[in-house]
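Note sheet for the following structure.
Bear in mind that the values in this text are calculations on the coordinates, not laboratory data. The model shown is predicted, which means the values in this text are computed figures rather than measured ones. Cβ sites come from the backbone with ideal geometry, for glycine too, and all protein chains shown count toward neighbours.
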Amino acid sequence: MKVGEKAPGFNMEAYWNGEMKRIKSSDFAGKWIVLFFYPRDFTFVCPTELRALANREGDFQKENAQIVGASTDSAYSHKAWFEKDLPNVKYPVLADTGHTLAKDYGVLIEEDGTALRGTFIISPDGVLQYSVVSNLNVGRSVDETLRVLCALKSGGLCPVEWKKGEKTL
């Protein structure tokens, strides 16, 4: 899968705002989707990212974007962890227990069923517009993800460090 291609859809169990439910990518028709994978529940770096995204969720919503998390843990694991340690996380977190989505997005570590840290921005027409994958021990920047979303939405040529409201090239 490459940037510019149709992004793989999803239809799986998730933990979302206190409930376990089935979530489909089509539930977010007409919106940008910021899909991010994280390695595991109950780990050290992951909660820093999940909290940071939760704290900025309103900024993504203002940009007509839905944050969707994913890991290879179960929805029951998500529920236990989020209720205990992450009550401010209100966006859906997919339970990719079959590892299909992590495989589709090229982030699955086959040996142990863990997902690498991957961030994917998908346009409302379902096309992958941005993809960044990093190793397990380095958290991503929420500011940079939001900046890239805004740059993609601008439709212009955005120079280095471009920010929303600035002129494009």
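For segment 114-143, the candidate set comprises residues that are over 13 Å from the mean Cα position of the chain (by Cα) and loosely packed, with under 15 Cβ neighbours inside 10 Å; within that set, the residue that is nearest to ALA54 (Cα to Cα) is ASP143. Is it true that some residue in segment 96-106 is in contact with a strand residue (DSSP E or B) (Cβ under 9 Å, 6 or more places away or on another chain), buried (at least 16 other Cβ atoms within 10 Å of the Cβ), in contact (Cβ under 8 Å) with a residue 40 or more places away in the chain and part of a strand (DSSP E or B)? Taking every residue of segment 96-106 in turn, none turns out to be in contact with a strand residue (DSSP E or B) (Cβ under 9 Å, 6 or more places away or on another chain), buried (at least 16 other Cβ atoms within 10 Å of the Cβ), in contact (Cβ under 8 Å) with a residue 40 or more places away in the chain and part of a strand (DSSP E or B). Screening segment 51-76 for residues that are crowded, with 18+ Cβ neighbours inside 10 Å and of a type in the set (Ser, Thr, Tyr) and picking the one that is nearest to the chain's Cα centre (by Cα) gives SER71. For segment 6-29, a residue qualifies if it is over 19 Å from VAL127 (Cβ atoms) and either assigned to a strand (DSSP E or B) or out of contact with any Lys or Arg (no Cβ under 8 Å at 6 or more places or on another chain) (or both), and the qualifying residues are MET12, GLU13, ALA14, TYR15, TRP16, GLY18, GLU19, MET20, LYS21, ARG22, ILE23.
Pairs are defined by a Cβ separation below 8 Å, a sequence spacing of at least 6 or placement on different chains, a first member in segment 30-55 that is under 26 Å from ASP125 (Cβ atoms), and a second member that is among the β-branched types (Val, Ile, Thr) and in a loop (DSSP other than H, G, I, E, B); the pairs so defined are PHE37/VAL107; LEU53/VAL89. The condition of being assigned to a helix (DSSP H, G or I) and either of a type outside the set (Gly, Ala, Ser) or within 15 Å of the chain's Cα centre (by Cα) (or both) does not hold for PRO87.
The set of residues in segment 29-50 being within 13 Å of the chain's Cα centre (by Cα) and either under 14 Å from GLY69 (Cβ atoms) or among the small types (Gly, Ala, Ser) (or both) consists of ILE33, VAL34, LEU35, PHE36, PHE37, TYR38, PRO39, CYS46, GLU49, LEU50.
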